[in-house]
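The values are calculated or read from the model by the stated rules, or taken from the named source; none is laboratory data. Computed from a predicted model, the values in this text were never measured in an experiment. Neighbour counts are summed over all protein chains in view; Cβ atoms, including those assigned to glycine, are modelled from backbone coordinates with ideal geometry.
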Amino acid sequence: MRRAVSAKAAAQRRRRARMTEAQRQAEAERNAAQQRARRQREAVREAEAARQRERAYDDRVRELNAERQRAFRAAQEEGARQAEREANAARLRQQREAQEEEERQANREANAARPRQHHEA
């Protein structure tokens, strides 16, 4: 491999020695143009990669915001359901207390009526 590389380099040196100055200049310009084209392609690739990273980041931000919104709405809905359950429980408690009070009142009235019946008899 080393011999192949050095043989290739020697052949290139011999070829360059035979070239005219104009040929050397043309080759240098061609090499420079190729290098510029490579750099430009690399810059385009890097710019596209940066755009893709930015799009991915923006997508992730949108996704996280949507998740936060869903969690917030779910918490609000759960809070509303909890408040409704508490209101229902309070209403049932009040109804039960009112019913118990009516029963106690009916018992008091019945108890108050019994002694009168007993005295009347």
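At-a-glance table
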| quantity | calculated |
| --- | --- |
| Unmet requirement for Glu120, which otherwise passes all of (1) of a type in the set (D, E, K, R); (2) at pLDDT 95 or above; (3) exposed (fewer than 10 other Cβ atoms within 10 Å of the Cβ) | (2) |
| Selection status of Arg108, assigned to a helix (DSSP H, G or I), over 44 Å from the mean Cα position of the chain (by Cα), modelled with pLDDT under 95 and loosely packed, with under 10 Cβ neighbours inside 10 Å | no |
| Residue within segment 21-37 that is exposed (fewer than 10 other Cβ atoms within 10 Å of the Cβ) and assigned to a helix (DSSP H, G or I) present | yes |
| Output for segment 1-20, where each listed residue is assigned to a helix (DSSP H, G or I) and modelled with pLDDT under 80 | Arg2, Arg3, Ala4, Val5, Arg15, Arg16, Ala17, Arg18 |
